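Undergrad: Next up is a structure, given as structure tokens.
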Amino acid sequence: MEQLVNKYARKLVQTKLGSDSGPSQPLVGGLDDKLVWNRNADEIKLLEDVFKGLNINSLIFLRPVEPYGSLIGFLAENALKSNGLIQPEDCETRTFLHDLPVINKFDPDRIIRVLKKRKSVIIAPGNTNGSSQGPAILAHGTVSPEQGFVTISSVCFAGFIKFFTDYLKALREKTATAAAHDLFDKILPYVKPIQKTLPEFTPSPFPDEETVYLAIIEAGKKVIEYELVDSYFGNVSYFWNKTLYISQTGSSLDELSGCIDPVPVDGSTSAGLTASSELTAHLATVLRTGCKAILHGHPKFSVILSMDCDPGRKAFCHFKEQCHIKCPEKRFAGATPIIPGEVGTGPTGLCQTLPLALSRADSAIVYGHGLFTIGKENFFDAFCTMLEVENFSRDSYFKKVLYLKKN
Amino acid sequence: MYGWTGNILHIDLTKKSSRVESPGLNVLNRYVGGKGFGGKFLRQCATLPWDHPDMVICIFTGPLTGTISPTSGRAHILSKSPLTGLVGDSSVGGKLATRLKRAGWDGIVIKGESRTPLGITIKDDSIEFKDARGLWGLDINAVHEKIRPGTSSILAIGPAAENGVRFASITVDRHFAAGRSGLGLCLARKKIKYILVDGTGRTKIKDHEKLKQAREDILRLTAASPALMGQFGFTCLGTGAVYDLMDNRRMMPTDNFRRTFFEHAPGLNAAAYAKTYAPKKHGCLGCHILCKKIGKKNGKKITMPEFETMSHFTALIGCMDTDLVIKANERCNHFGMDTISVASTLACRREITGIDYTKESLLSLLNDIAFGRGEGKDLALGAKLYAEKMGKPEAAMAVKGLELPAYDPRGALGMALGYALSTRGGCHLRAYPISHEIFRKPVATNRFSFSGKARIIKIAEDLNTVVDSLIACKFTFFAAGLEEYAMAYEAVTGIETSAQDLLLKGERIYYNERIINALNNFDARDDDLPDRFFTKPGSGTNNINIPPVNRDAFLSARKKYYSIRGLTTNGLPEKDKAESLGLIWNNL
Ligand code: SF4
Ligand SMILES: [Zn+2]
């Protein structure tokens, strides 16, 4: 347990949601027969009461770093003015976390009351006790601290997406508040374009299976390093020797070693049972397009842009409550199509829409969810495309904002 | 009243009478349904032998039964197990639960014994006892042909139960087995050949909109689950989809758990069956996953084997013929025998005698077991008693007398702990650690480590207990959670609850089972695994090492579990803990 507690504290820092000093140091507790924490902290006393009130085995407390701290704080305060819930806009958070409850006090009883029903609770800023300043997120797990890590990561992702989505919408509807404008200006320095030099990738063709595995592991690491995915992990695959090698469900893209399933196209084995939930979409895509490499991430501005729909048009759309599965418009971010589809293989699953889209373009954004890119032979192309699309989406977003602000 | 019908049917077979109990909402909300109510009634006669006339057989639905709450179509049957002497229970699919609920009953509790074979017909509030002397001796299929249940649900036993097979099962609606624990024999003891149920009522729902929302949430989550709805998932290939995974992870019990790798496995997987039998989806009433598969060959419909049957009738007993698996499965279903127990007992025999099976010898042994002929009589006792009788108790791969299913515990240490601690003996479903150790849900855990597993197992047992009470299917929980089901519970019953409240109900129900077992003298000595797992390694590869389970680490994890569960170091329940859960203690 010590090991896991430390691992996920470290991961929160690595993924730039927490820091290794100051108020944003993650606090992670794990309970088997004894309770262990990754570090000492004043909050532990109250959090021990939370443990006592719940049938759980792990708890994470985090005051996220900027821009997430301010974003979550802003959304939390707004939520407290209405029903006490932040309603995420992105599809994955909605599927897995539903809504995000907010309370205004760091109080074990109230925390317990929320965590009895939900995977996370957000404590609004300003009202945490004593030294604890700033908004905080608490999340629990019944199996591993990884659950809390995933939840917190999703909450931060959802908060980011929600703020920027709502802000653009408010500008269009001319309802943006002074507080929203201020926050936008305040966090602007934190949302820089991704400008790192392009990484090197193992060149294709790959001579053997071993190299295929290594290339996938490498590609997964780069997607994380360039911050092209948060929360629910994304996925990576490569088609080689009539077999699709694909990351496993719930695997972290920076830890793919041992988490790749080989799935032969002839269906002769069902070992793909643990493969990513997008396996069917990946398989159909390689068969339809002849590409070999597929990357899927959740770059933030691609997701935000995918949900930007003209309010005038939206008002008359039959499907306005079901955009993520039924959007009838042909929409694009540059040359990249934006398509509907939910996670998985249902009748409205993205396996129905994605392969077709990728047969016409080398990238596609799934509404409110994330970006898929393909490479004919190698991951380098897919990766460059992913970066381009995200930077393009970011630029378009800010152009739109600037334009709306001017007018 | 919402959710529940509020009525429990008590049947006394000795008097051929019935009465209605209408527990108040508090009682219903406390015991929930299914396993919860079964445990309540079993506790009242906990120390009676399984075959005592006053021993109960409980068949229960749950508050979610008969609603659109996903996978709520399962029933729970519970009595004392003739095979193990423990709490004996089994979840079962088909239409039974839905029909029973529509007939106006949350559940049935059967006591007493009949002198001659009978059937019980329940049509709404009309209860009839039918002479079944003419059906005694018939196999399940023949019973179906005679009764022709139509839209009714029918539960029946076969000759195995009648002939005293300790692991006799109950079959519901032809294809669905309440397999484990020997519940078929409990019915046979009371001379019940079948129960036929139909009803016209509806489950009343407090908040339809909210229930719809909960349903959509659950469906969305299951759609995102590769194990359930993926192209290799249960919906497409049935539970047999797990076969390749166990092969791949080197945890397929082979040669009576002497190895964990079967070289013939690739040709015996779900894909191989799909090719030959073109199976179609089938399942419990109201389920969207439909994990059951019905195949066809030469125009004949065939119930496809579940994963455990596929594995145990090949690797465990050294056979490599899909057709044999199909036939053995069919025979077990018709005669009413649990495939896991029977295959495991046969594997034990193979180890002890050194005699391999041919197709003919295997099928003919199945007949001998079901009809109590020759060697079959001893085999019908189950692996534990059989091995003892043969002077080789170490060859029985069972925990507390229940034969182990098809996951080798050396390849998943949570499973090792789960097997040892389960209240019904060697069972993978009580804690279902395969979910995180293999399927990576809700997140993956290290299958080769005991770290954190004690509490994980405890919480999972609480979870699965309440799932068997609500009722929902455990498979759904590879994707959804109690968070979503709490919403369904609230929507249906109008009673405010939460995931954690439901877990607490599960904890109470499970602790009650520990009490029942303790009343029957089970303690830490029984919470253990066969020695083989601690002394012999599995069949690893260069990349996957499958060492024996480290005994000290196992005992230390078990000790942690006892403390977390609120048991003594000897695994016995404690008064304070029981009372803090609101359980009675007086008869301990
Ligand atoms: S998943 Fe299978 S066992 Fe579970 S309810 Fe559905 S059909 Fe029945
Ligand atoms: Zn995604």
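The values are calculated or read from the model by the stated rules, or taken from the named source; none is laboratory data. Computed from a prediction, not measured in an experiment: that's the story for all the values here. Cβ sites come from the backbone with ideal geometry, for glycine too, and all protein chains shown count toward neighbours. Heavy atoms of the whole protein, side chains included, go into the accessibility calculation; ligands, DNA and RNA do not. Shrake-Rupley method; radii C 1.70, N 1.55, O 1.52, S 1.80 Å.
Undergrad: What number, in percent, do you get for the relative contact order of the stretch B:8-198 if the mean sequence gap of Cα pairs under 8 Å and at least 6 apart is divided by its residue count? Could the numbers behind the result be given before it?
TA: Working: 474 pairs, mean separation 44.1, N = 191.
Computed over the stretch B:8-198, the figure is 23 percent.
Undergrad: Which entries of B:LYS35/B:LYS441; B:LYS280/B:LYS458; A:LYS52/B:LYS474; A:LYS116/A:LYS192 show an alpha-carbon separation above 32 angstrom in the structure shown? Don't jump to the answer; show the numbers that get you there.
TA: Working: B:LYS35/B:LYS441 24 Å; B:LYS280/B:LYS458 37 Å; A:LYS52/B:LYS474 27 Å; A:LYS116/A:LYS192 38 Å.
Beyond 32 Å: B:LYS280/B:LYS458; A:LYS116/A:LYS192.
Undergrad: When only Cα pairs under 8 Å and 6 or more residues apart are kept, what is the percent relative contact order across chain A? Working shown, then result.
TA: Values: 773 pairs, mean separation 51.5, N = 407.
Result for chain A is 13 percent.
Undergrad: Which value results for Rg/Rh of the stretch A:209-406 when Rg is the Cα radius of gyration and Rh the Kirkwood radius based on the inverse mean 1/r? Walk me through the numbers on the way to the answer.
TA: On the way: Rg = 16.7 Å, Rh = 17.0 Å.
Result: Rg/Rh = 0.98.
Undergrad: I'd like the mean, over residues of B:451-461, of how many other protein chain beta carbons sit within 10 Å of each residue's own Cβ.
TA: Working: counts 7, 14, 3, 3, 11, 6, 0, 4, 6, 2, 0.
Across the residues of B:451-461, the mean count of other-chain Cβ atoms within 10 Å is 5.
Undergrad: Could you work out the percent of alpha carbon pairs in the stretch B:31-168 separated by over 22 Å, rounded to a whole number? Let's see the in-between values first.
TA: Numbers: 3934 of 9453 pairs.
Within the stretch B:31-168, distances greater than 22 Å cover 42 percent of Cα pairs.
Undergrad: Whole angstrom only: what separates the Cα centroid of the stretch A:306-333 from the Cα centroid of the stretch B:237-259?
TA: 47
Undergrad: Over the Cα atoms of the stretch A:2-190, each weighted equally, I'd like the Debye log10 I(q)/I(0) at q = 0.19 Å⁻¹, rounded to two decimals.
TA: For the stretch A:2-190, the Cα-only Debye profile gives -1.33.
Undergrad: Here's a follow-up. Need one value for B:475-487: mean number of C-beta atoms belonging to other chains within 10 Å of its residues' C-beta atoms. Spell out each step's value before the answer.
TA: Values: counts 0, 0, 0, 1, 2, 0, 3, 3, 7, 1, 0, 2, 2.
Averaged over the peptide's residues, the number is 2.
Undergrad: Mind checking Rg over Rh on chain A, alpha carbons, Kirkwood formula for Rh?
TA: Working: Rg = 21.3 Å, Rh = 22.0 Å.
Using only Cα positions, Rg/Rh for chain A is 0.97.
Undergrad: Rounded to a whole number, what is D in µm²/s for the protein assembly as shown from Stokes-Einstein with the Kirkwood radius over alpha-carbon pairs (25 °C, 0.890 mPa s)? Could the numbers behind the result be given before it?
TA: Details: Rh = 29.3 Å.
D, rounded to a whole number, is 84 µm²/s.
Undergrad: If you don't mind, another one. Go ahead and estimate [θ] at 222 nm for the protein assembly as shown from helices alone: -39,500 (n - 2.57) per DSSP H run with n ≥ 4, summed, over the residue count, rounded to 500.
TA: Working: 39 runs with 398 residues, N = 995.
Calculated from helices alone, the mean residue ellipticity at 222 nm is -12000 deg cm²/dmol.
Undergrad: According to a simple spin-label model (label point 7 Å from Cα along Cα-to-Cβ), what is the distance in nm between A:ALA179 and A:GLN87?
TA: Computed distance between label sites A:GLN87 and A:ALA179 equals 1.8 nm.
Undergrad: Averaging the inverse of every distinct alpha carbon separation and then flipping it gives the Kirkwood radius. What is it for the stretch B:540-588, in angstrom units?
TA: Every distinct Cα pair counted, the radius reaches 13.3 Å.
Undergrad: When all protein chains stay in place, what accessible area (Å², nearest 10, 1.4 Å probe) is found for B:ASP323?
TA: My reading of the accessible area for B:ASP323 is about 40 Å².
Undergrad: Rounded to the nearest 10 Å², what accessible area does B:THR568 have for a 1.4 Å probe in the complete protein model?
TA: 40
Undergrad: Put simply, what bits of the stretch B:491-506 lose 40 Å² or more of accessible area when the other protein chains are there, versus the chain on its own (1.4 Å probe)?
TA: B:GLN500
Undergrad: Considering only DSSP beta bridges with both partners in chain A, what is the antiparallel share in %, to the nearest 5? Write down the numbers at each step before the final one.
TA: Working: 44 of 49 bridges.
For chain A, the DSSP antiparallel bridge percentage is about 90.
Undergrad: Oh, and also: Taking all protein chains as present, what is the carbon and sulfur share of the accessible area of the stretch B:438-504, in % to the nearest whole number, probe 1.4 Å?
TA: On the way: 740 of 1380 Å².
With neighbouring chains kept in place, the figure for the stretch B:438-504 is 53 percent.
Undergrad: What's the total accessible area buried between chains A and B, using a 1.4 Å probe, rounded to the nearest 100 Å²?
TA: Accessible area lost upon association: around 4000 Å².
Undergrad: Only sites in a loop by DSSP and with at most 14 other Cβ atoms within 10 Å count here; which trypsin sites (Lys or Arg not before Pro) in the stretch B:177-271 make the cut? Each step should come with its number before you reach the end.
TA: Details: sites: B:ARG180, B:ARG189, B:LYS190, B:LYS191, B:LYS193, B:ARG202, B:LYS204, B:LYS206, B:LYS210, B:LYS212, B:ARG215, B:ARG220, B:ARG249, B:ARG250, B:ARG258, B:ARG259; in loops: B:LYS190, B:LYS191, B:ARG202, B:LYS204, B:LYS206, B:ARG249, B:ARG250, B:ARG258.
Answer by residue number: B:ARG202.
Undergrad: Quick check on chain B: what are the equivalent-ellipsoid semi-axes from the Cα gyration tensor, as sqrt(5λ), descending, whole Å? Don't jump to the answer; show the numbers that get you there.
TA: Details: eigenvalues 204, 157, 123 Å².
For chain B, the semi-axes come out at 32, 28, 25 Å.
Undergrad: Another one. To the nearest 20 Debye, how big is the dipole of the stretch B:8-198 about its Cα centre, given +1 on the beta carbon of each Lys and Arg and -1 on that of each Asp and Glu?
TA: Dipole of the stretch B:8-198, to the nearest 20 debye: 100 debye.
Undergrad: Hey, what's the Cα Rg ratio for the stretch A:39-81 versus the globular rule of thumb, 2.2 N^0.38 Å?
TA: For the stretch A:39-81, the normalised Cα radius of gyration is 1.47.
Undergrad: I need the calculated FRET efficiency for the pair B:VAL27 and A:GLU225, taking r as the beta carbon distance and R₀ as 51 Å, to the nearest 0.05.
TA: In this case the efficiency is close to 0.35.
Undergrad: Which percent of the accessible area of chain A is formed by carbon and sulfur heavy atoms (probe 1.4 angstrom)? Kindly include the intermediate steps, with their values, before the conclusion.
TA: Numbers: 8410 of 16140 Å².
That share works out to 52 percent.
Undergrad: Using the Cβ atoms and a cut-off under 9 Å, what net charge is assigned to the surroundings of B:MET487, where Lys and Arg are +1 and Asp and Glu are -1? Before the final figure, lay out the partial values.
TA: Working: positive: A:LYS117, B:LYS210; negative: B:ASP217, B:GLU483, B:GLU484, B:GLU490.
Local charge sum for B:MET487: -2.
Undergrad: Next question, about the same structure. Please report Rg (one decimal) and Dmax (integer) in Å for the Cα set of the stretch A:137-261.
TA: According to the Cα coordinates of the stretch A:137-261, Rg and Dmax are 19.1, 59 Å.
Undergrad: Taking amide hydrogens as modeled 1.01 Å from N in the peptide plane, which residues meet the under 5 Å criterion relative to A:ILE86, leaving out close sequence neighbours?
TA: Sorted by chain and number, the residues that satisfy this are A:LEU100, A:VAL102.
Undergrad: Something else: Per residue, how many Å² of accessible area does the protein assembly as shown show with a 1.4 Å probe? All intermediate terms of the calculation are to be shown ahead of the outcome.
TA: Numbers: 35000 Å² over 995 residues.
Ligands and nucleic acids excluded, the result is 35 Å² per residue.
Undergrad: If you don't mind, there's one more thing I want to ask. With the cut-off at 1.5 for a/c, could you classify the stretch A:2-48 from its C-alpha gyration tensor as rounded, prolate or oblate? Present the calculation step by step, with values, prior to reporting the outcome.
TA: On the way: a/c = 2.85, a/b = 1.36, b/c = 2.09.
Taking the square roots of the gyration eigenvalues as a ≥ b ≥ c, the stretch A:2-48 is oblate.
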